[in-house]
Amino acid sequence: MQSNKSKQSTVSECRIVDIRKYSDSRGYLSVIENSIDIPFDIKRIYYLYMVPEAARGAHAHKELQQFMVATSGSLNVTLDDGTNKKTFVLDRPWKGLLVVPGLWRTLDNFSGGTVCMVLASEKYEAEDYIRDYDEFLKYKNS
Ligand code: TYD
C-alpha cells in the first residue's frame, strides 16, 4: 500500500474475517491461504504468548498489513485512526482481524494461555514502525 493510502486509512476498513474451517468427528481444522482467504501474500508469521497483564502493541505501521488470530484464548485489539477508535474481540480460532496499515493498535485483556498469531505482509522492518502517538497523529494529518 502507498504511504498516502496508509495516511488516509480508517478503522472502518478493518474487519473480522471468518476463517475457513473443516470439521468432522476428529475436530476442527482451519486454513488461511495467501491471497485467497486474506488479501496479501504472507511474508512473516509471529505470535504472542505468555502475555502478562500489561498491554502490547502501542504502535502503528506505515505499510504493513496484518491478519491477527487468537488461535487459543482471547484478547482485545483496539485500532485508532487518529479520529475514531474501534475495539475488536478475538476469541475464536476461526475469527481473524484484518488490519490495514496506518492505524495505532493496542492489544490487551489477554486471557490466560492466549496465543495471538499474526500473519504479516512484510518482513520485519524497524523503519516501518511509528512508536510515538504524537508522531502518529502528525503522520495521519500530514
Ligand atoms: P514489538 O514490536 O515491540 O512487540 P509488540 O508488537 O507487542 O509491540 O517487538 C518486540 C521485540 O521483538 C522487538 O525487539 C522487535 C522484535 N521483533 C522482531 O525481531 N521481529 C518481528 O517480526 C517482530 C514482530 C518483533
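Tyr46 - would you say it is within 13 Å of the chain's Cα centre (by Cα), more than 15 Å from Val17 (Cα to Cα) and surrounded by fewer than 16 Cβ atoms within 10 Å (Cβ to Cβ)?
When the stated conditions are applied, Tyr46 passes them.
Give the residues of the range 1-14 that are surrounded by 13 or more Cβ atoms within 10 Å (Cβ to Cβ) and either part of a loop (DSSP other than H, G, I, E, B) or not β-branched (Val, Ile, Thr) (or both), sorted by residue number.
Of everything in the range 1-14, those that are surrounded by 13 or more Cβ atoms within 10 Å (Cβ to Cβ) and either part of a loop (DSSP other than H, G, I, E, B) or not β-branched (Val, Ile, Thr) (or both) turn out to be Met1, Ser3, Lys5, Ser6, Lys7, Ser9, Thr10, Glu13, Cys14.
Cβ contacts < 7 Å: first residue farther than 15 Å from His61 by Cβ, restricted to the range 2-21; second residue aromatic (Phe, Trp, Tyr), any location; separation 6+ or different chain. Result?
Correct list of pairs: Ile16/Phe88; Asp18/Trp94; Ile19/Trp94; Lys21/Tyr28; Lys21/Trp94.
Condition first: out of contact with any Cys (no Cβ under 8 Å at 6 or more places or on another chain), within 14 Å of the ligand (Cβ to nearest atom) and hydroxyl-bearing (Ser, Thr, Tyr). Now tell me which residues in the range 29-84 satisfy that.
Of everything in the range 29-84, those that are out of contact with any Cys (no Cβ under 8 Å at 6 or more places or on another chain), within 14 Å of the ligand (Cβ to nearest atom) and hydroxyl-bearing (Ser, Thr, Tyr) turn out to be Tyr46, Thr78.
List the pairs whose first member sits in the range 113-130 and is among the hydroxyl-bearing types (Ser, Thr, Tyr), whose second member is within 9 Å of the ligand (Cβ to nearest atom), and whose Cβ atoms are under 8 Å apart, counting only residues at least 6 apart or on separate chains?
Once the first residue is among the hydroxyl-bearing types (Ser, Thr, Tyr) and sits in the range 113-130, its partners that are within 9 Å of the ligand (Cβ to nearest atom) give Thr114/Leu48; Thr114/Val51; Tyr124/Arg44; Tyr129/His59.
Within the range 97-116, can you find the residues that are buried (at least 19 other Cβ atoms within 10 Å of the Cβ) and within 12 Å of the ligand (Cβ to nearest atom)?
Passing the criteria: Val99, Trp104, Arg105, Leu107, Phe110, Cys116.
Is there any pair with a first residue in the range 49-77 that is closer than 22 Å to Leu137 by Cβ and a second that is near the ligand (Cβ under 10 Å from one of its atoms) and open to solvent by 50 Å² or more (accessible area, probe 1.4 Å) whose Cβ atoms are under 6 Å apart and which are 6 or more apart or on different chains, and what are they?
His59/Arg131; Leu64/Glu122
The values are calculated or read from the model by the stated rules, or taken from the named source; none is laboratory data. Please read these numbers as outputs of a predicted model, since none were measured by experiment. Cβ: placed from backbone, ideal geometry, glycine included. Neighbour counts: every protein chain shown. The protein model used for the area step is the full one, side chains on, heavy atoms only, and it has no ligands, DNA or RNA in it. Shrake-Rupley method; radii C 1.70, N 1.55, O 1.52, S 1.80 Å.
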